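Values in this text are rule-based calculations from the coordinates and carry no lab data. On a predicted model such as this, the values are computed, not experimentally measured, just so you know. Heads up, the Cβs are rebuilt from the backbone with ideal geometry, glycines too, and the neighbour counts pull from every protein chain shown.
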Protein chains: 2
Amino acid sequence: MEALKSYIRSIKPLSDNSWNILQSCFTERTFKKGELLVKEGQICQSIFFIVEGSCKSFHNLDGKEINTAFHFENDFATNIQSLTSQQPSTSSIKALEKTTVVILNKNKLLAAYSASHEIESFGRKVLELLLTRQTLHTESFKLLAPKQRFEHLVATQPDLLQRVSLTQLASYLGISRESLSRFRSAR
Amino acid sequence: MEALKSYIRSIKPLSDNSWNILQSCFTERTFKKGELLVKEGQICQSIFFIVEGSCKSFHNLDGKEINTAFHFENDFATNIQSLTSQQPSTSSIKALEKTTVVILNKNKLLAAYSASHEIESFGRKVLELLLTRQTLHTESFKLLAPKQRFEHLVATQPDLLQRVSLTQLASYLGISRESLSRFRSAR
DNA sequence: CTGATTTTGTGATTTTTGACGCAGGTATCG
DNA sequence: CGATACCTGCGTCAAAAATCACAAAATCAG
């Protein structure tokens, strides 16, 4: 909880009043390895802040898991499309290990936005950061060849290689497991 | 201007007071075909709302233009990374034809956010929409093969094919111009 | 209107990547 | 602890896409 508090403060300092309002949206919960935080087909009602552990967002394609994002400590995870449109989610989020999260309920958060301009400002800033990150990730697919995408990942997010298996990284990079294995051994 | 007003109202209705504040951020301007709205290397200070015409965001890669986004009427265009971090932009935005835009100055917009909770709420909602769109676009690179990406574009954004040349679409889809031409003629 | 530039279509060829199979190693879980 | 599932590396082969080259068509600018 302290981690979340200091993360929020780094984005947008909140008054005591706003902090109290925001806190009322929080529920802490621990997921076991392999448990689903969001299940495909269901409507996503929450944003998850990872306190400890990690999880991944993935699509099920012919029985294969195509990973679209990895989330570690001090990061948010949600299905933004399902959350905002309230349509069934086309992907799932799964704990990669025993993972403790703070759950922010959507409806409570919307009420908090209405009740506090500061909290809405915080939400706006977080979305700017997420949009920037997502945009850069998209660009890597247009500007870089598969091998370069891997090299770029090694250079900019070496931690991912430590915490996620090659098999799981492959689909995240849009590369087959075998090709990724070859790129790696060729270095 | 009426288009912008009704677009804003569809996202978040504003009080007269908020509308007046927001309007003070607006400047209307027309760009000639080929003119740059944002230039690589410079710091992006604005968000552009396309009133009439179209433009594209692109990176310069060894003299080739790699297109990362296309923007048409009633859509926003900006470089979100440069805008929010105030670092030099690594890409440019160019008018594809004679294009009229409403320019929202960054500093004025930030002031408007502070002055009006409603406007900040509008900003938050727009960012949710943009993040959703960008996330779906990224997923198309992980879930679909090149040929399928083209088919998907035809099915979901047939207008793009009408308004943008194959050559320009190719880099947007992360496909060579020749392959895209073949995919298209095979239909 | 017309020359110049850009865009597009197509073939031939090469390169890259994917798919499959299999073996050895490692982590996981009851 | 032991069975099982998972991860990784490698070889072969096939498929897909990129590259190169060139001609035709369309568009643009003066």
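Computed over the protein assembly as shown, the quotient of the alpha carbon radius of gyration and 2.2 N^0.38 Å is 1.01. Dividing the summed -39500 (n - 2.57) terms of all DSSP H runs of n ≥ 4 by the residue count of chain B sets its mean residue ellipticity at 222 nm at -15000 deg cm²/dmol.
Sparse packing (at most 13 other Cβ atoms within 10 Å of the Cβ) combined with a DSSP loop state is found for the following GluC sites (Glu not before Pro) in the range B:81-120: B:E97. Here each label is just a point 7 Å from Cα along the line to Cβ, and for A:A3 and A:S185 those points are 3.6 nm apart. Residues of the range A:137-174 falling in the label zone of B:A145, defined by backbone nitrogen less than 16 Å from a point 7 Å along Cα to beta-carbon, are A:174.
Inter-label distance, B:N17 to A:Q23: 3.1 nm, where each label sits 7 Å from its Cα along the C-beta direction. With Cα atoms defining each centre, the range B:86-111 and the range A:48-77 are spaced 33 Å apart in the structure. Here A:K39 yields copy-to-copy label distances, from shortest upward, of 5.6 nm, the label point defined as 7 Å from Cα along Cα to C-beta.
Under the criterion of Cα pairs below 8 Å and six or more residues apart, the relative contact order for chain B equals 25 percent. Shape descriptor for the range A:1-122: Rg over Rh equals 0.99 (Cα atoms; Rh from the Kirkwood inverse mean 1/r).
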